[in-house]
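Participant: Have a look at this one.
Computed from the coordinates by the stated procedures, all read-outs in this text should not be read as laboratory data. Note that this is a predicted model, so its numbers are computed, not measured. As a convention, Cβ positions derive from the backbone with ideal geometry for all residues, glycine included, and neighbour counts pool all protein chains shown.
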Amino acid sequence: MLLEHIKDPSDLRKLTYRQLDALCGEIRTFIIEKTSKTGGHLSSNLGVVELTVALFRVLNMPKDKIIWDVGHQSYTHKILSGRREEFDSLRKMGGLSGFPKRNESPFDAFDTGHSSTSISAGLGMAQGRDIRGEDYTIVSVIGDGALTGGMAYEALNNASHIKKNFIIILNDNDMSISRNVGGISSYLNGIRTDKGYNSFKKGVESSLKSIPYVGDRIADRVKKTKDSIKQMVIPGMLFEDMGITYLGPVNGHDIRALEKAIKDAKKVDHAVLLHVITKKGKGYKPAEKDPKAFHGVEPFNIRTGKPVEPKTGPSYTDVFSKKLCELAEKEKDIVAVTAAMPDGTGLSEFAARFPERFFDVGIAEAHAVTSAAGMAAAGLRPVVAVYSSFLQRAFDQIVHDVCLQNLPVVFAVDRAGLVGSDGETHQGIFDLSYLCEIPNMKVLAPKNAEELRAMLSYAFSQGGPCAIRYPRGKAYEGLSDKLEPIETGKAELIWQGRDIAFMALGSMVSTAEHICTKLRVSEGLEPTLVNARFAKPVDMDMVKRLLSTHRILVTLEENVERGGFGQVVSCYAQSRRASCRVVNIALPDAYIEHGDVTQLRAMLGIDSDSIIAKLKEEKVI
């Protein structure tokens with residue numbers, strides 16, 4: 001096994017190209033075996049093995065820096081930088097992160113996790129390098145999917161002004177998570193499929209170099225000319241027209257060709273873009289056949305590609321998907337918008353049934369929100385389906401383009417709360433805080449599957465913006481006998497008790513239900529349980545009633561405490577000088593690491609046993 005002998009990048013330079021090809025096969029086998037047990041991002045990592053090996057051979061790591069956009073493709077990078085033996089702990093609490101982390105290794109130059117950031121980060125790092133008079137190479141690797149994000153173009157526009165070497169590698173596999181859409185995808189496809197371009201360029205260069213004595217100089221001069229043969233053969237070369245030298249396209253699975261191209265890119269004294277063509281999922285047939293299905297995987301059977309633990313019931317995403325299609329069947333003005341996540345957000349069925357009313361805008365959350373605002377202004381009823389942590393990227397657009405105009409846009413905020421193994425960049429723990437501060441916005445959270453259905457119907461009946469946040473995973477089916485009609489700003493009384501009251505929001509209602517059940521048995525108490533339903537507007541009539549009839553009021557939410565639902569209740573209680581003590585159960589003011597959600601909830605003190613222990617410790621019960 002060659003892989004066992006690779007301790008640092010210098011070991012790669014001792015291998016022949018035949019050995020390197022064998023090593024790449026071993027790396028792919030290793031990644032498949034490990035992710036089949038731990039879960040993780042598979043297709044994207046399988047596609048960049050040769051590219052990563054070539055970079056590590058050409059660059060002087062870790063002095064030179066590689067910034068991986070998003071970081072879905074950083075596993076080979078981690079393997080080659082001395083972390084191979086840690087892969088059994090991948091995405092587990094306290095273990096190896098699935099993304100680059102500066103605190104994990106000096107080889108990780110920049111923390112990533114969200115899309116379209118690598119060029120900006122790399123450019124800033126290059127500017128810091130130049131101001132400090134240092135000398136090292138910086139490479140930003142960005143996928144063609146991430147290149148649909150507007151931030152990437154802001155960075156490309158700025159990168160054209162840099163006066164020293166800065167390398168951008170475009171990893172082009174014609175995919176983001178789902179298949180790419182839009183103009184840039186079509187543009188790259190034109191370059192990708194124009195076989196005549198490369199053969200023509202090579203033919204011209206070969207002919208020029210064959211001229212005795214002066215051929216090499218003429219060929220070199222042509223390559224350096226602004227209006228080069230690329231401009232003649234492919235009109236409007238986007239990157240060249242921006243002042244960024246374009247190299248490629250290069251076969252991303254040919255190490256020899258990659259090394260030559262990277263060395264050529266290092267010689268350029270300004271920004272240079274190297275276009276590399278790769279195959280997402282390469283080396284594992286199920287992933288090659290359906291790369292989007294193997295983008296992010298749970299533990300799976302390598303032989304079949306099927307999950308080890310099949311789904312046991314519909315997820316909240318499934319419930320949203322089905323109900324949205326039911327509503328859209330009746331209401332022809334309902335349209336759906338996603339930012340490159342039709343499968344993850346449950347919009348694939350909608351897209352299949354109502355293709356003319358479905359819009360995938362690419363990895364461009366800000367554009368998704370403002371385009372939805374435009375649709376609403378034109379009389380449509382848009383829903384923007386998006387993960388909680390990705391919606392953060394469109395905060396300004398929610399404020400100015402949707403809520404300022406009080407436009408009826410529905411936000412289906414998936415993956416709200418703790419999401420687990422993807423870690424800090426993906427935990428959906430801030431949405432209550434940033435959404436509830438915006439005027440005109442209503443924010444709801446369902447206690448179970450049936451309430452999500454009812455809330456979606458309610459949201460489309462409103463004349464202004466509504467956000468419904470719901471967690472990842474299986475939809476809760478408990479408390480199905482409790483479903484009062486949804487009324488704006490009205491909570492739902494589930495159980496009337498005395499002395500201690502629990503007012504819970506969304507996913508924490510089931511936790512509060514379990515707490516109440518345990519307290520009845522272990523402490524002989526009869527607690528009151530209230531489903532808050534609305535984080536904004538909070539049912540202050542219900543809060544006032546609970547404060548006046550109970551000794552203790554406990555609020556529960558799966559969001560950071562600062563700016564959350566519980567703080568609103570606490571402030572109200574203080575303003576009324578209530579004798580009832582308010583205890584807020586929420587997440588800490590911190591970024592939360594990756595790990596199993598059950599373990600994280602226990603560690604953070606928001607599972608039922610931890611909450612009961614906290615209440616006993618504080619002599620509340």
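Participant: Scan region 400-484 for GluC sites (Glu not before Pro) in coil per DSSP, keeping those whose Cβ has at most 14 other Cβ atoms within 10 Å, and list them by number.
Facilitator: 437, 477
Participant: Please work out how much length the chain gains when fully extended from residue 158 to residue 216, using 0.36 nm per residue of separation minus the C-alpha to C-alpha distance, in nm with one decimal.
Facilitator: Numbers: separation 58, 0.36 × 58 = 20.88 nm, distance 3.35 nm.
This chain segment gains 17.5 nm when fully extended.
Participant: Positive end of the charge dipole of region 325-393 (Lys, Arg +1 and Asp, Glu -1 on Cβ, about the Cα centre): tell me which of 369, 383, 358 has its Cα farthest that way.
Facilitator: Of 369, 383, 358, it is 369.
Participant: Work out the P(r) tail for region 316-469: percent of alpha carbon pairs separated by more than 21 Å, whole number. Kindly include the intermediate steps, with their values, before the conclusion.
Facilitator: Values: 4287 of 11781 pairs.
I get 36 percent for the Cα pairs in region 316-469 exceeding 21 Å.
Participant: Something else now. Give the peptides 492-498, 23-29 in descending order of average Cβ contacts within 10 Å, highest first. Before the final figure, lay out the partial values.
Facilitator: Details: 492-498: 16.9, 23-29: 19.0.
Those peptides, ordered most packed to least, come out 23-29, 492-498.
Participant: Taking the Cα centre of region 316-469 as the origin, how large is its charge dipole in debye, to the nearest 20, when only Lys and Arg (+1) and Asp and Glu (-1) carry charge on their Cβ atoms?
Facilitator: Using Cβ point charges on Lys, Arg, Asp and Glu, region 316-469 gives about 360 debye.
Participant: Would you mind getting me the FRET efficiency between residue 266 and residue 33? Use the beta-carbon distance for r and R0 = 35 Å, nearest 0.05.
Facilitator: The formula returns an efficiency of 0.50 here.
Participant: Set the Förster distance to 56 Å, then compute FRET efficiency between residue 7 and residue 619 from the Cβ-Cβ distance, nearest 0.05.
Facilitator: Details: r = 55 Å, r/R0 = 0.99.
The computed FRET efficiency comes out at 0.50.
Participant: Another question about this same structure. Compute, for region 492-617, the length of the dipole vector about the Cα centre, with Cβ point charges of +1 (Lys, Arg) and -1 (Asp, Glu) only. Units Debye, rounded to 20.
Facilitator: In debye, rounded to 20, region 492-617 gives about 620.
Participant: Now for a separate question. Straight distance only, please: which lysines reach the Cα of residue 266 with their own Cα at less than 16 Å, same-chain residues fewer than 8 apart left out?
Facilitator: Filter leaves 63, 65, 163, 164, 223, 224.
Participant: What FRET efficiency do you get for residue 490 and residue 352 if R0 is 35 Å and r is their Cβ-Cβ distance, rounded to the nearest 0.05?
Facilitator: Using R0 = 35 Å, I get an efficiency of 0.45.
Participant: Mind listing the long-range amide H neighbours of residue 499? Cut-off is under 5 Å, sequence gap 5 or more, other chains count too, H placed in the peptide plane at 1.01 Å from N.
Facilitator: The answer is 551.
Participant: Another question, if that's okay. Can you give the direction-averaged projected area of the convex hull of the alpha-carbon atoms in the chain, in nm²?
Facilitator: 31.1 nm²
Participant: Please list, ordered by chain and number, the residues whose modelled amide H lies under 5 Å from the amide H of residue 467; skip anything fewer than 5 residues away on the same chain.
Facilitator: So residue 467 has HN proximity to 411, 442, 443, 444.
Participant: Right, next: Counting only Cα, what are the radius of gyration and maximum Cα-Cα distance Dmax of region 41-138, in Å?
Facilitator: Taking only Cα atoms of region 41-138, I get Rg and Dmax of 13.4, 41 Å.
Participant: Around residue 460, what is the net charge, scoring Lys/Arg as +1 and Asp/Glu as -1 over all other residues with Cβ under 13 Å from its Cβ?
Facilitator: Working: positive: 323, 330, 332, 381, 442, 453; negative: 326, 329, 331, 333.
Computed value for this residue: +2.
Participant: Determine ³J(HN,Hα), in whole Hz, for all residues of region 53-68 in sequence, where each value follows from phi through the Karplus function 6.51 cos²θ - 1.76 cosθ + 1.60 and θ = phi - 60°; x replaces Gly and Pro.
Facilitator: 3J(HN,Hα) across region 53-68, in whole Hz: 4, 4, 4, 5, 6, 7, 7, 9, 7, x, 4, 6, 10, 10, 10, 8.
Participant: What residues have an amide H closer than 5 Å to that of residue 274, excluding those fewer than 5 places away on the same chain, when H is modeled at 1.01 Å from N in the peptide plane?
Facilitator: 168, 169, 170, 247
Participant: Taking θ = phi - 60°, what integer Hz values does the Karplus form 6.51 cos²θ - 1.76 cosθ + 1.60 yield along region 434-446, in sequence order, with x for Gly and Pro?
Facilitator: 7, 7, 6, 7, 8, x, 6, 8, 9, 10, 10, 8, x
Participant: A further question on this structure: Could you name the aspartates and glutamates in cross-link range of residue 323, using Cα to Cα under 17 Å and dropping any fewer than eight places away on the same chain?
Facilitator: 331, 333, 343, 349, 414, 450, 451, 477
Participant: Given 0.36 nm per residue, what is the gain on full extension from residue 301 to residue 498 after removing their alpha carbon distance, in nm?
Facilitator: On the way: separation 197, 0.36 × 197 = 70.92 nm, distance 5.11 nm.
In short, 65.8 nm is gained.
Participant: Step by step: find N for region 491-594, compute 2.2 N^0.38 Å, then divide the Cα radius of gyration by it. What's the final number? Write out the running numbers ahead of the final one.
Facilitator: Details: Rg = 13.2 Å, N = 104, 2.2 N^0.38 = 12.8 Å.
Region 491-594 yields a ratio of 1.03.
Participant: Also, I was wondering about something else. Summing -39500 (n - 2.57) over the DSSP H runs of n ≥ 4 in the chain and dividing by its residue number, what mean residue ellipticity at 222 nm do you reach, to the nearest 500 deg cm²/dmol?
Facilitator: Details: 25 runs with 242 residues, N = 621.
The helix-only estimate for the chain comes to -11500 deg cm²/dmol at 222 nm.
Participant: A follow-up question, please. For the ranges 399-411, 111-123, 65-77, 152-164, what's the packing order if you count other beta-carbon atoms within 10 Å of each residue, average per peptide, and put the highest first?
Facilitator: Values: 399-411: 20.4, 111-123: 23.2, 65-77: 26.3, 152-164: 16.8.
Per-residue Cβ counts within 10 Å, averaged per peptide and sorted highest first, yield 65-77, 111-123, 399-411, 152-164.
Participant: Net charge near residue 515, counting Lys/Arg +1 and Asp/Glu -1 over other residues with Cβ under 15 Å of its Cβ?
Facilitator: Numbers: positive: 447, 518, 520, 601, 614, 616; negative: 499, 513, 523, 526, 557, 558, 607, 609, 617, 618.
Local net charge: -4.
Participant: Quote the charge dipole size of region 360-417 about the Cα centre in Debye, to the nearest 20; the model charges only the Cβ of Lys and Arg (+1) and of Asp and Glu (-1).
Facilitator: Around 100 debye, computed over region 360-417.
Participant: Report, in whole Å, the centroid distance computed from the Cα atoms of region 122-150 and region 338-413.
Facilitator: Here the two parts' Cα centres lie 30 Å apart.
Participant: In a shell of Cβ-Cβ distance under 15 Å around residue 483, excluding residue 483 itself, what net charge do Lys and Arg (+1) and Asp and Glu (-1) give?
Facilitator: Result for the local shell: -2.
Participant: May I ask you to order 523-535, 597-609, 139-151 by the average number of other C-beta atoms within 10 Å around their residues, highest value first? Before the final figure, lay out each step's value.
Facilitator: Working: 523-535: 21.5, 597-609: 17.3, 139-151: 25.7.
Going by the mean number of other Cβ atoms within 10 Å, highest first, we get 139-151, 523-535, 597-609.
Participant: Quick check: the distance between the Cα centres of region 421-443 and region 6-74, to the nearest angstrom?
Facilitator: Computed from Cα coordinates, the inter-centre distance equals 35 Å.
Participant: If one computes the Cα centroid of region 98-119 and of region 304-321, what distance in Å separates the two points?
Facilitator: 30 Å
Participant: Which of the residue pairs 263/285; 282/306; 474/619 have a Cα-Cα distance greater than 29 Å in the structure shown?
Facilitator: Flagged as over cut-off: 263/285; 474/619.
Participant: Would you kindly state how much longer the chain becomes between residue 322 and residue 577 on full extension, computed as 0.36 nm times their sequence separation minus their alpha carbon distance, in nm to one decimal?
Facilitator: Working: separation 255, 0.36 × 255 = 91.80 nm, distance 4.62 nm.
Taking 0.36 nm per residue and subtracting the Cα distance, the gain is 87.2 nm.
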